[in-house]
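Quick notes on the structure that follows.
The values are calculated or read from the model by the stated rules, or taken from the named source; none is laboratory data. Owing to the predicted nature of the structure, the values given are computational and were not obtained by experimental measurement. What goes into the accessible areas is simple: the full protein's heavy atoms, side chains included, and nothing from ligands, DNA or RNA. Shrake-Rupley method; radii C 1.70, N 1.55, O 1.52, S 1.80 Å.
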Amino acid sequence: MPASIIAPAVPVAAASISSEVRLAYVLQHFWQAYEPTSPVTIGVPGQQAQVEVAVADAGFFDQRQPYPPAPIWHEWQGREVPFFFGPAAGQPLLTLQSGRALVHADLVSAAFYLLSGWQEYFSEERDQHGRFPYAASVQHQYGFVDVPVVNCYFEVLRTAVEHVTGEQLRPRRWLGGAKWAAFVTHDVDSLFGSWKAPAKAALQQGRLLETFQIAMRSLAGVDAWNNLEAVQATARKHGAPSTFFMLGSTQKAANGTPNADYRVSAPGMQRRLRNLQASGAELSVHGSIGTATDAAKLRREKQLLPGTVSGNRFHYLSWEPRLTPGLVDAEGFGYDSTLGFPEHFGFRNSYCLPFQPFNFATGRACSFLEIPLNVMDATLHHPSYLQLAPQEILPALEPMLQEIERFGGVCTLLWHNDHFDPANTVTGPRQFAALMEYLRSRNVAFMTGQQIVNDQKPS
Ligand SMILES: [Zn+2]
């Protein structure tokens with residue numbers, strides 16, 4: 001468990017969540033994951049459904065415990081997959097009968113538990129930034145952060161549905177018929193900070209003139225991080241549109257956490273942003289510290305961006321599960337892309353497709369789409385996170401990328417603009433290029449957040 005734990009500032013306010021609500025929430029996502037097929041009924045015992053899914057939660061959802069009993073590992077399509085809520089080891093996952101299928105795994109409970117973020121909502125653990133820590137997650141405890149197990153559960157259900165209909169159930173396709181998609185994003189925290197480390201080093205070595213020159217260049221706007229146009233050109237060279245998440249506040253948070261070192265509302269910046277938009281980039285909100293629990297502040301920051309703005313990602317990946325989903329929904333965002341663990345790449349909700357977060361206060365799915373974040377540059381090499389060498393990055397990420405491709409999901413990549421600084425040789429432009437080349441070689445469809453939202457809408 002992490003060293004510094006603070007209890008969430010927001011109390012639990014969950015509505016009663018019935019088995020019907022859980023079934024509807026899970027099936028809504030199941031049917032979104034595949035192309036339409038002949039009608040088939042999926043239900044629980046007693047409903048006379050063609051596909052019958054066992055119920056084995058033993059009253060777990062009537063209580064307020066963050067963690068269910070340990071999962072049981074079953075082999076599914078040649079791999080070991082953790083199943084929460086049974087069946088017992090050695091029991092089959094499903095039985096196919098004439099015109100019917102019995103699923104012995106309680107896939108509805110297991111999928112609901114992970115997809116809804118139940119553990120985060122009911123856990124009392126938060127880190128020094130108010131975030132649910134990876135160390136407190138079932139993904140960490142049972143070692144499956146890089147496996148989208150909800151997608152595996154859906155594959156079991158898919159087998160049952162295909163048996164009943166006699167038709168193939170195909171995973172949905174992305175832009176241009178691609179099997180999977182990638183969402184290439186850049187959080188813009190700093191445009192004028194590249195001089196600090198070299199200036200400090202020069203100062204420490206007594207090179208005062210050089211220190212002065214470095215600082216003056218940055219003051220004149222010449223800074224290796226003041227590079228949004230170059231970032232866009234680099235991503236485009238690999239075939240991807242860029243999505244920039246722009247911070248709307250320059251004020252430090254109460255605990256000293258910095259926000260932007262640029263003014264998004266400055267006329268020169270607005271001109272630049274409009275130019276980026278005009279040449280194909282997407283602009284989204286990078287909600288500053290505090291906005292994950294402050295609707296009015298988030299709204300003000302959204303209004304600072306030119307044009308139509310659909311998306312958000314919170315700075316520092318701030319997210320208070322007891323408040324933020326309802327707040328993002330109420331502010332009318334089309335999508336959010338905050339939900340990844342800062343400490344580890346992978347799948348925070350164990351799912352590799354965009355999904356509608358569950359609002360525990362109302363007991364319903366949110367309207368906005370969560371495009372889960374899979375990997376950010378800082379996670380890969382950071383004192384508090386992983387310490388991968390440059391040549392270890394792509395091999396470490398490949399199994400996760402293969403999972404997303406296999407299930408036809410979206411790979412969301414966060415490469416901050418400051419990580420395009422050529423001076424960064426660890427998680428810098430070369431590592432970005434290697435990842436982009438991999439994605440392109442696997443025929444991914446590069447899409448903006450808004451394109452993903454449009455694609456996901458039921459036709
Ligand atoms: Zn940020």
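By how many degrees, 0 to 90 and rounded to 10, does the Cα axis of helix 19-33 deviate from the longest principal axis of the chain? Between helix and principal axis, roughly 60 degrees. For the chain, the solvent-accessible area works out to 41 Å² per residue, with a probe of 1.4 Å and every protein chain left in place.
For the stretch 19-165, dividing the convex hull volume of the Cα atoms by the residue count gives 122 Å³ per residue. The angle between the Cα long axis of helix 208-219 and the main principal axis of the chain comes to about 60°, on a 0 to 90 degree scale. Computed in the context of the full set of protein chains, the accessible area of the stretch 19-165 at 1.4 Å probe radius has 52% of its extent on carbon or sulfur.
A probe of 1.4 angstrom, applied to the heavy atoms of all protein chains, finds I72 with accessible area near 50 square angstrom. Between the helical axis of 267-278 and the longest alpha-carbon principal axis of the chain there is an angle of about 50 degrees. Under 22 Å Cα-Cα from K297, which lysines qualify once same-chain neighbours fewer than 8 residues away are excluded? Within reach: K252. For the stretch 360-459, the fraction of 1.4 Å probe accessible surface lying on carbon and sulfur atoms is 50 percent.
State the percentage of accessible surface on the stretch 185-290 attributable to carbon and sulfur atoms; use a 1.4 Å probe and exclude ligands, DNA and RNA.
59
May I ask which of K237/K457; K200/K237; K179/K237; K196/K302 have a Cα-Cα span longer than 32 Å here? Intermediate results must be reported in sequence, preceding the final value.
On the way: K237/K457 29 Å; K200/K237 34 Å; K179/K237 21 Å; K196/K302 29 Å.
From K237/K457; K200/K237; K179/K237; K196/K302, over 32 Å: K200/K237.
Taking a ≥ b ≥ c as the square roots of the eigenvalues of the Cα gyration tensor of the stretch 341-426, is the shape rounded (a/c under 1.5), prolate (a/b larger than b/c) or oblate? It comes out prolate by the Cα gyration axes.
Volume per residue for the stretch 339-388 equals 80 cubic angstrom (convex hull of Cα atoms).
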